[in-house]
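Taking it in order: structure first as structure tokens, then the write-up.
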Amino acid sequence: MCLCVEVVGLVTPTITGNHDDRRPSSATYGRVCPTVSESNSDRNSYTTRGDASDQSDCAFLDNVVAEFGIPDIVIDDGSHQMKDMNATFNYLYPRLLKNSIYLVEDTFFSYWQEVGGGIGCPDSFIEKTKHMIDLLHADYTRGKVQSTQGARETSSIHIYDGAVVFEKQGRSHGITVTGSRQLFGEEITNNKQFAENIANFIYGNK
């Protein structure tokens, strides 16, 4: 099995004394093919290549996909400019297939105005992530949020200190049974009993 991995990075660091020193993002991409050999000296075969370009350049990203195929894993550790992060996500994420992962690093830049972010800034990647969380729960908003194809294909969103991971696996929609029936196989309407059952479920009977 081969994995197609695309890493969007920078030729030089994003934040320097002079922001004009920032050079274009580069995409390192290729196929990683785990192999098994008797000697185990060559357990993994790597085919990679890197090119420098603007990570928000859709034509550049299109060439990457055309040559190496649709990525199984995308790691965005690029310019950390909000416009670039959003453009790359908007282009690549809808094209990912089932069982793909999209990871965005250094999301704390979303709170920095000098890269197009800021607290509550609608253009920040953190705000995009918050909106994706709403889309993930669109079925339960009583029509106030309209889901999208991308959200319907997203199984989970993991938020870490400085990173966000999207899993694109698809999911079933709508909770057809209550939480108590899912967990315990029976309907529990008493909140105290439900809380006790949850405690026992997590910690076991003491």
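The values are calculated or read from the model by the stated rules, or taken from the named source; none is laboratory data. Here the structure is a predicted model, which means the values were calculated and not measured. Note: ideal-geometry Cβ built from the backbone for every residue, glycine included; neighbour counts use all protein chains shown.
Scan segment 156-176 for residues that are modelled with pLDDT of 90 or more, farther than 19 Å from HIS80 by Cα and small (Gly, Ala, Ser) and the total you get is 1.
Within segment 61-92, the set of residues being buried (at least 20 other Cβ atoms within 10 Å of the Cβ) and among the charged types (D, E, K, R) comprises ASP76, ASP84.
Pairs, please: C-beta under 6 Å, at least 6 apart or cross-chain, first residue in a loop (DSSP other than H, G, I, E, B) and in segment 61-73, second of a type outside the set (A, V, I, L, M, F, W, C) and modelled with pLDDT under 80? If the second residue must be of a type outside the set (A, V, I, L, M, F, W, C) and modelled with pLDDT under 80, the pairs left are PRO71/GLU6.
Candidates in segment 93-119 are the residues that are touching a residue at least 40 places away in the same chain (Cβ under 8 Å) and at positive phi; of these, the one that is surrounded by the most Cβ atoms within 10 Å (Cβ to Cβ) is ASP106. Regarding ILE133, is this residue outside any loop (DSSP other than H, G, I, E, B), of a type outside the set (Gly, Ala, Ser), more than 23 Å from CYS58 (Cα to Cα) and assigned by TED's automatic domain parsing to the domain that holds HIS158? In short, yes. Looking at this structure, is TYR102 among the hydroxyl-bearing types (Ser, Thr, Tyr) and more than 22 Å from VAL7 (Cα to Cα)? No, not satisfied.
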